[in-house]
1. Would you mind stating whether R262 is without any contact (Cβ under 8 Å) to a residue 40 or more places away in the chain and under 18 Å from T223 (Cα atoms)?
2. Inside region 212-234, can you point out the residues that are within 12 Å of the ligand (Cβ to nearest atom) and hydrophobic (A, V, I, L, M, F, W, C)?
3. Determine which single condition G97 fails, assuming it passes every other condition in (1) within 13 Å of the ligand (Cβ to nearest atom); (2) closer than 21 Å to K142 by Cβ; (3) not basic (K, R); (4) not in a strand (DSSP E or B).
4. Test of understanding: among G133, G97, G144, which residue is on the phi > 0 side of the Ramachandran plot and either at pLDDT 95 or above or touching a strand residue (DSSP E or B) at 6+ places or on another chain (Cβ under 6 Å) (or both)?
5. For region 312-329, which residues satisfy the criterion of being under 23 Å from the mean Cα position of the chain (by Cα) and at negative phi?
6. Given the criteria basic (K, R) and under 23 Å from W53 (Cα atoms), does K323 qualify?
7. Among all residue pairs at least 6 apart or on different chains, which show Cβ distances below 7 Å where the first residue, located in region 321-345, is closer than 13 Å to F116 by Cα and the second is basic (K, R) and part of a helix (DSSP H, G or I)?
8. Looking at this structure, is T317 farther than 27 Å from V96 by Cα and touching a Lys or Arg at 6+ places or on another chain (Cβ under 9 Å)?
Amino acid sequence: MKFKTVKTVVGLALAVTALAFNGAASAQTYKPEYKMSLVLGPAFPWGKGGEIWANLVRERTQGRINIKLYPGVSLIQGDQTREFSAIRQGVIDLAVGSTINWSPQVKELNLFSLPFLMPDYAAMDALTQGDVGKEIFRIVDKAGVQPLAWGENGYREISNSKLAIKKPEDLKGLKIRVVGSPLFLDTFTALGANPTQMSWADAQPALATGAVDGQENPMAIYTAAKLHTVAQKHVTMWGYVSDPLIFVVNKDIWASWTEADRAIVKQAAVDAGKQEIAIARKGLAEADRPLLKEIAAQGVTITQLSPQEREAFVKATRPVYDKWKNQIGAGLVGSAEKAIAARKK
Ligand code: X2X
């Protein structure tokens, strides 16, 4: 009888020690704060998506995972094309990043920058929500970063300070700021423009001083960044490229979390991604595109292309498409073309 009690007490003590030890171990592996990199802050759909993700994670983990936002890619001094390497290396713990900025490190991500590959939102969804999206996630994973969910920056429309662009010849000699990804240099060179690579941080002063004439970005960015105030008075809706965003985590950080917390972070990314896509499309996905009316009301000329006019741009950039199809991988691009052809409109 007495012996049995002692055994129970010893057993209990062991259990308590084990519990305390486990608690200490997890407290050690979790950081008090995790750093999330973003090009744009919560005034833009992109940054809003990051904020929603961080808030959902904080709530659903009862504060175990606490994420701070670093917009302006400030963890890498604004050098957005270095972001993917910085996530892999652990300078950045989490990110919501554009496929354009990561394409110098992961060549397959150039897929979405192929000129005139995706004619509409349904085409974009057919890729990101289908097998092509899964394949891209496998590639990102293999490149050393944990992908979790898709978001969207959006269809990139061209703006400039000089004239209403209706045909490729109108771009002749125009100095256009592009992101530091070689495919964009090829596309704008093929159109007869004078492309110049610079970060988003440098683009805005360059537009303001007239060092460059134009740029291309989604209309949600055009509005939030007030590009009409930096002489961007002409917009052409050509929808030549759309960049998705990918919600990711550094692999060591990912491995340091419990399985339950990983599931929470992933589900939160999926939920935030869905909300972010809806925000990014607001005013543009509706038939009458109310966002364009708002922009036009600020004295901006918005040019819509007829199917024939658009076709001239498609034709002019076709050699670039063919060249990059091979560089990206003809198999992957072929699957994307098939998925788009079979999309539900
Ligand atoms: O630099 C850009 O144009 C931006 C903000 O759209 C990206 O980061 C891809």
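1. On the way: without any contact (Cβ under 8 Å) to a residue 40 or more places away in the chain: yes; under 18 Å from T223 (Cα atoms): no.
Judged against the criteria, R262 is not a match.
2. The answer is M219, A220, I221, A224, A225, L227.
3. Only one criterion is unmet by G97, namely (4).
4. On the way: G133 fails: on the phi > 0 side of the Ramachandran plot; G97 fails: on the phi > 0 side of the Ramachandran plot.
Checking each option against the conditions leaves just G144.
5. Quick first cut of region 312-329, residues under 23 Å from the mean Cα position of the chain (by Cα) only: 320-321, 324-325, 327-329.
Matches in region 312-329: V320, Y321, W324, K325, Q327, I328.
6. Values: basic (K, R): yes; under 23 Å from W53 (Cα atoms): no.
Criteria not met by K323.
7. Here the result reads V333/K325, each pair linking region 321-345 to a residue that is basic (K, R) and part of a helix (DSSP H, G or I).
8. On the way: farther than 27 Å from V96 by Cα: yes; touching a Lys or Arg at 6+ places or on another chain (Cβ under 9 Å): no.
No, not satisfied.
The values are calculated or read from the model by the stated rules, or taken from the named source; none is laboratory data. Nothing here was measured: the structure is a model prediction, and the numbers come from that model. Note that each Cβ is placed from the backbone with ideal geometry, even for glycine, and that neighbours are counted across all protein chains shown.
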